[in-house]
Amino acid sequence: MITLRPQAGSKPICSKCGERRPGYDTLRVRTFAFVPLWAIPVFFLYAPRRVQCPTCGVKVEKLPWAVGKSHLTISYAWFLATWCKRLSWKEVAEVFKTSWDTVFRSVEMAVNWGLAHRQINGVTAIGIDEICWRKRKDKFVTLVYQLDQGKRRLLWIGPDRTSKTFREFFDWLGTARSRQLRFICSDMWKPYLAVIAEKAAGAVNILDRFHIMSHMSKAIDEVRANETKELKKNGKEPHLTKSRWCLLKRPENLTGKQIDRLKDLLACNLRTVRAYLLKEDFQRFWGYSSPAWAGKFLDAWCTRTMRSKIKPMKKVAKMLRAHRSLLLNWFRAKKNAIALGCVEGFNNKAKVVTKRSYGFRTYDGLKIALYHGLGDLPIPKATHRFCGGTVFFMPR
């Protein structure tokens, strides 16, 4: 316990207007938790004074080490928030012998400070996607990432994945900043495409490569499942048993056993194998440098796929034809070195954040955790370094 006393003859500072005012009275002693030293809890003991402010009335004085009615010092709050980037909130609470609520309030404080002090000017490339954070109720959030070279971060979070939600992002960004957008990477979700065409018509809308290939993988999986049932029903040899990942993984990522299994499958005349060959052939599309030649390849591939009589793959071909112009925008962005793969990378990190926290009961908790982990938010200048490189903040 460290007892603090005001400097003799000093006037307290009004917590509302920030001016020094004459004292009114003194409240009872309050306890403020400070950063533990050598695993020993440290507390400040201080009796706050009240001021007689002619402008604001009777107010409690402003304290340099705490904000409002919080029993946590600013230094300790930043200390806990910094550790929450390395460990789960529950682990931080257990290690430093505090409550989960205290850790949450610390992270919330860090996020609010960072959002209030970050710069959002100069954003020219963004990526939009959604993640499901509560599967039982199909709860989604819309995530917008900044993809500019040298500044890649989570920019904005909105509830659900509707056009109304996405419009709220452009309202937040403002008309002037929206006009500065040059590239927008998204999937083929119709509400997103409609809002982009409405709010950022001057930007090049790019379809995300990962989502396009995921549609093909789902089509192959559907073909494989249906054909497996047919083979079993007709009493034929089940060639496709335990072959799912041989067909869905990229060839360079296959294990030795999976390579041998795939070779055996390619020797069979199956619809699943033909669908797999169509998917692998489409990978050549991403290697083109000219949108014109890529367009010719796309047209030829779609024609060949439509003649294959494989319904799931024909569905994919129709979808690609409907979004042909947006697909070719991928090559225009490629020339400008836009980090198109960052969207899926950020999404994987977002899923790690949610899994590490074992799910969230509220949208606000999820929002704070994602901004804290992916927002690249600014932090105040540090006076000291403490505990293995963790920033230790002192009031200025």
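General observations
- Segment Thr362-Ile379, length gained on full extension (0.36 nm per residue, minus Cα span): 3.6 nm
- Estimated 222 nm signal from helices in the chain, with DSSP H stretches of n ≥ 4 weighted -39500 (n - 2.57), rounded to 500: -14000 deg cm²/dmol
- Of Ser290, Ser186, the order by accessible heavy-atom surface (1.4 Å probe, DNA, RNA and ligands excluded), from most exposed downward, is Ser290, Ser186.
- Ranking Arg105, Arg250, Arg304 by solvent-accessible area of protein heavy atoms (1.4 Å probe, all protein chains present), from largest to smallest, gives Arg105, Arg304, Arg250.
- Measuring nothing but how far apart in sequence close Cα pairs (under 8 Å, 6+ apart) lie, relative to its length, the chain scores a relative contact order of 16 percent.
- Gain on full extension, evaluated as 0.36 nm per residue between Gln119 and Gln52 minus their Cα-Cα distance, stands at 20.3 nm.
- Between segment 245-287 and segment 94-109, the alpha-carbon centres lie 49 Å apart.
- If you wrap segment 1-151 in the convex hull of its Cα atoms and look at it from every side, the mean projected area works out to 14.0 nm².
- Each of the peptides 22-33, 367-378, 108-119 was scored by the mean count of other Cβ atoms within 10 Å over its residues; in descending order, highest first, they stand as 367-378, 108-119, 22-33.
- Taking each of Lys164/Lys355; Lys232/Lys311; Lys139/Lys232; Lys263/Lys314; Lys164/Lys218; Lys249/Lys309 in turn, the alpha-carbon distance tops 30 angstrom for Lys139/Lys232.
- Degrees, to the nearest 10: 74-83 long Cα axis against longest axis of the chain: 20 degrees
- Alpha-carbon centroids, segment 139-167 and segment 197-244: separation in whole Å: 26 Å
- Full-stretch length increase - Asn234, Ala322 - with 0.36 nm per residue and alpha-carbon distance subtracted: 28.0 nm
- Heavy-atom accessible area ranking, 1.4 Å probe, most first, across Phe79, Phe140: Phe140, Phe79
- In segment 122-162, the convex hull through the Cα atoms has an average projected area of 3.1 nm², a quarter of its surface area.
- Under the criterion of Cα pairs below 8 Å and six or more residues apart, the relative contact order for segment 29-169 equals 12 percent.
- Every Cα-Cα pair in segment 158-253 was counted, and those over 21 Å apart are 53% of them.
- Separation in nanometres of the label points that stand 7 Å from Cα toward Cβ, at Lys164 and Arg28: 4.8 nm
- Value of Rg to Rh for the chain (Rh from inverse mean 1/r over Cα pairs, i.e. Kirkwood): 1.12
- Cβ-derived FRET efficiency at R0 41 Å, Lys69 paired with Lys218, nearest 0.05: 0.20
- Relative packing of peptides 127-134, 257-264 - highest average C-beta neighbours within 10 Å first: 127-134, 257-264
- Segment 46-104, relative contact order [Cα under 8 Å, separation at least 6], %: 17 percent
- Placing pseudo-labels 7 Å out from each Cα toward the beta carbon at Gln180 and Lys309 gives an inter-label distance of 5.7 nm.
The values are calculated or read from the model by the stated rules, or taken from the named source; none is laboratory data. Not measured: the values here are computed from a predicted model. Neighbour counts run over all protein chains shown; Cβ positions are idealised from the backbone, glycine included. These accessible areas exclude ligands, DNA and RNA; they are computed on the full protein's heavy atoms, side chains included. Shrake-Rupley method; radii C 1.70, N 1.55, O 1.52, S 1.80 Å.
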